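Read the structure below first, then the notes.
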Amino acid sequence: MKSSDLPISAARRLFWTTFFATLLLKVVLAAGFPFTGDEAFFYQWGVFPAWGYSDHPPMVGWLLAVLHGISDHPLVLRSVTLLVTSAIALLLVDLLRRFLPDAREPSAWLAGAVYLAMPWSWMFVLVTTDTPLVLFMALSAYAYLRASACPDRGTGWYALAGLFVGLAFLSKYFAALLGLAYAVHVLGWRRERWWALPLMLVLALPSIGINLAFNATHGWSNVMFNVFNRHEGSHWNLQTPTVYAAMAAYLLTPWLLWQGLRGRWAHGVSPALRTAATALWLFPLALFAFISLKRTIGLHWVLGFVPLFVVWAGLRVDPRALRSSFKATLALSLPHLIAVAALAWAPLSLWQPAKLYDRLVFTRETPALAAALQADLPAGTTLMARTYNPAAVLAFSYGQYVPVFGVGRHHARQDDQIVDFRTYDGQALRIFDYDEPDLADFTPFFSQVSKRKVLIEGVAFWMVDGTGFKFQPYREQVLAKIAQEFHDIPPWLPLLGNPFCERYGFAGCSPQGR
C-alpha cells in the first residue's frame, strides 16, 4: 500500500482524537462509576500499608497508600489507573514508529488508535492489582523490544526490562509469564545474547526477594492463594479451553487477529524483532491455553499481553486494514459503553426485573446502607460482614475496617493477617448479610442473637446482632477450619512465621510446630 493512500497527518489526527476522547471518557468513568468490591478491598491495603498482603504482592497497596494520603475520592484513587492505557498507547506508537519504515508510519498511529478504542482499554479505570501489573509489564516489554532491535548489545535496555518485570512481579504473579517469554525468545532465537537472561534476573531479584521474605514470614499467603487454595477442585476438561479461546479472540478482536495472520512483516523489520514481537504475546497466551485445560482463565489475566499483540499486528498490518479494524473496534465499544453507562447511571427502577438488581442496589446505595447499619449501632459494637465483598464495600463508606465473620473463601484473606478475634471476646457484633441468615449459624458464638432486615430501594438486606461474643467456640469451630483449609502449608516451604496460626495457637501451621 502506498503511503499516499492514508496521509500520516490523517493517521496522527485520528490517534490524538481517540487519545483525548478516551482519556476524557476514562475521567468520567473514574469519577462516577461505583466503587467495586475488589477496589474497596485493595483500598484497605492502602489504609494499612505493609510489606505484603494476603492474596497478591503489595504494589497496588503501596500505590493506594500514596493516593489515600491525597484524597479518598474515587477519581483520585483511580487517577493512575485511568492514565495507564493512555500511556501504553504512547509507548506502542513510539515503538512502531521506530521499527516501521517511513512509508508505513500511518500504521503506528492507527495501531495506537485501535488499542485505545478497545473496550478493555477505555474501561481500564478500576484500581486493582492489574493497575501496576499492566503498567510495569508494558514498560518492561518496551525496554525488551528496544533491546532486541539494538544492533549492539542493548545492555541498558535489557537491564530496564529486568527491573520493570520485577516490579510487575511485585504487582501480580502473572508477570512471571512475561519473564518466561523473554527466556523462550532468548533461548530459542537469540542464544548469542544468553547473558541478557541473568542480567534481567539480577535486576528483578530485589522485587522477588521482598515478596519471598514476606511470604516466608507470613504463612506463604501469596503462594498458598495463587498456587494451591484457588485451584482446589480444578479438573481436566474441554469446556474451559473453548471458553478461553473465545475470550482470547474477543480480547484481541477477531478482525485484528485475522488481519495480523494474513498480513506480512513490514519491509525492514529484522528477524530478531519479528521473533521477539511474536514470542512476547503468543507464548503467554499459548501457556494460558494449556492451563485452561484444567481451570478457568480470567479475562483480566490476558489484559497485560494485549498491547504486545497490537505491536505485533502493527508490524504486519497495512494502514488501510488497520483503519477498518479501528472502525470495527469502535462498533464493538458502543454496546460496552451503553452497558457501563446503564450500570452506573440508569435509574435503578430500570434494573428491577434483572437478576443483578439486588447487587446493583448494594453497590450503588452502599452509603445509604452503611448509614442504616450505623443508625442504632450500640456503643462498642463492631460491624462485620459474612463475606469479603460487602465487608470491603461497607468499610469504604463506613470509614472503619469491617472484618469478615465466618470461614469465608480462599479469596481476600487479609483478615488472617491483621484481625485478632480475641479482642472481641465478650463484645457485641453486628454482622451484615445479603440474604436472610439462619440464627443457628450464630448461636454457638454469642450469648444472645437476633436478626432484622433493612430495606433499600425495595431490596431486603439483613443484619445479625450478637451480644457476648464467645471467642473459644469461634476458635474451635471457625478459626480451626480456616487453619485447616487455607493454611495447610507444604512442608517443603521454609516457614519463618505465620501471624494467623501463631496468634491463635495452631501449632501445625506455625514455625514452632514444624
> Local charge sum around residue 161 (other residues, Cβ-Cβ under 15 Å, Lys/Arg +1, Asp/Glu -1)?
Replying inline: +4
> Just the accessible area per residue of the chain, please: how many Å² with a 1.4 Å probe?
Replying inline: 42 Å²
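Give me the tail of P(r) for segment 112-223 as a percent: Cα-Cα pairs with distance above 18 Å. Before the final figure, lay out the partial values.
Numbers: 3375 of 6216 pairs.
When all Cα pairs of segment 112-223 are counted, 54 percent exceed 18 Å.
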> Can you give the accessible area of residue 318, probe radius 1.4 Å, in Å² rounded to 10?
Replying inline: 60 Å²
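Roughly speaking, what is the stretch gain from residue 98 to residue 228, that is 0.36 nm per residue apart minus the C-alpha to C-alpha distance, in nm to one decimal?
On the way: separation 130, 0.36 × 130 = 46.80 nm, distance 4.33 nm.
The residue 98-residue 228 span can extend by a further 42.5 nm.
How would 324, 107 line up by accessible area, probe 1.4 Å, largest first? All intermediate terms of the calculation are to be shown ahead of the outcome.
Numbers: 324 55, 107 0 Å².
The most accessible residue leads, giving 324, 107.
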> Using 0.36 nm per residue, how much length does the chain from residue 16 to residue 484 gain when fully extended, once their Cα-Cα distance is taken away?
Replying inline: 163.0 nm
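Take each complete run of DSSP H in the chain, measure how far its Cα atoms stretch along the helix's own axis, and keep only those covering 18 Å or more with mean Kyte-Doolittle hydropathy at least -1.0; list them. Don't jump to the answer; show the numbers that get you there.
Details: long enough: 8-32 (36 Å, 1.29); 79-99 (31 Å, 1.65); 105-117 (19 Å, 0.81); 130-149 (28 Å, 0.93); 155-169 (21 Å, 1.50); 175-189 (21 Å, 1.64); 196-217 (32 Å, 1.63); 239-252 (20 Å, 0.84); 271-291 (29 Å, 1.56); 319-345 (37 Å, 0.87).
Span-like helices, by this rule, are 8-32, 79-99, 105-117, 130-149, 155-169, 175-189, 196-217, 239-252, 271-291, 319-345.
Once neighbouring chains are kept in place and the probe is 1.4 Å, which whole percent of the accessible area of the chain is contributed by carbon and sulfur? Don't skip to the answer; put the middle values down first.
Numbers: 13710 of 21640 Å².
The computed percentage sits at 63.
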> When the Karplus curve 6.51 cos²θ - 1.76 cosθ + 1.60 is applied with θ = phi - 60°, which whole-Hz ³J(HN,Hα) does each residue of segment 415-425 get, with x for Gly and Pro?
Replying inline: 4, 4, 8, 10, 9, 10, 5, 5, 6, 9, 4
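What's the local net charge at residue 502, with K and R +1, D and E -1, over the other residues with C-beta under 14 Å away? Please list the in-between numbers first.
Working: positive: 422, 475, 503, 514; negative: 416, 420.
My count for the surroundings of residue 502 gives +2.
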>> I'd like the Karplus ³J(HN,Hα) series for segment 446-460: coefficients 6.51, -1.76, 1.60, θ = phi - 60°, whole numbers in Hz, and an x wherever there's a Gly or Pro.
In response: 9, 6, 8, 9, 8, 9, 7, 10, 10, 9, 10, 6, x, 9, 8
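Above 17 Å lies some portion of the pair distances; for segment 246-391, what is it as a whole percent of all C-alpha pairs?
On the way: 7812 of 10585 pairs.
Counting every Cα pair in segment 246-391, those more than 17 Å apart make up 74 percent.
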> In whole percent, what relative contact order does segment 97-241 give with Cα contacts below 8 Å and a gap of six or more residues?
Replying inline: 18 percent
> Gain in length, residue 331 to residue 452, computed as 0.36 nm per residue apart minus the alpha-carbon separation, to one decimal in nm?
Replying inline: 38.8 nm
> Accessible surface of residue 167 in the full protein assembly, 1.4 angstrom probe, to the nearest 10 Å²?
Replying inline: 40 Å²
>> So, taking all protein chains as they sit and a 1.4 Å probe, how much accessible area belongs to residue 97, in Å² rounded to tens?
In response: 120 Å²
> Tell me, how many Å apart are the Cα centres for segment 365-411 and for segment 158-200?
Replying inline: 42 Å
>> Between residue 502 and residue 410, how high is the FRET efficiency from 1/(1 + (r/R0)^6) when r is the Cβ-Cβ distance and R₀ = 25 Å? Nearest 0.05.
In response: 0.75
> Do any cysteines in the chain lack another Cys Cβ under 4.7 Å, and if so which?
Replying inline: 150
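Mind scanning 294/327; 355/481; 327/355; 26/172; 26/327 and naming the pairs with a C-alpha gap bigger than 28 Å? Before the final figure, lay out each step's value.
Values: 294/327 36 Å; 355/481 32 Å; 327/355 33 Å; 26/172 23 Å; 26/327 20 Å.
Violating the 28 Å limit, Cα to Cα: 294/327; 355/481; 327/355.
The values are calculated or read from the model by the stated rules, or taken from the named source; none is laboratory data. Quantities reported herein were computed from a predicted structural model and do not represent experimental measurements. Positions of Cβ are generated from backbone atoms using ideal geometry, with glycine treated the same way; all protein chains shown enter the neighbour counts. Side chains included, ligands, DNA and RNA excluded: accessible areas come from the protein's heavy atoms. Shrake-Rupley method; radii C 1.70, N 1.55, O 1.52, S 1.80 Å.
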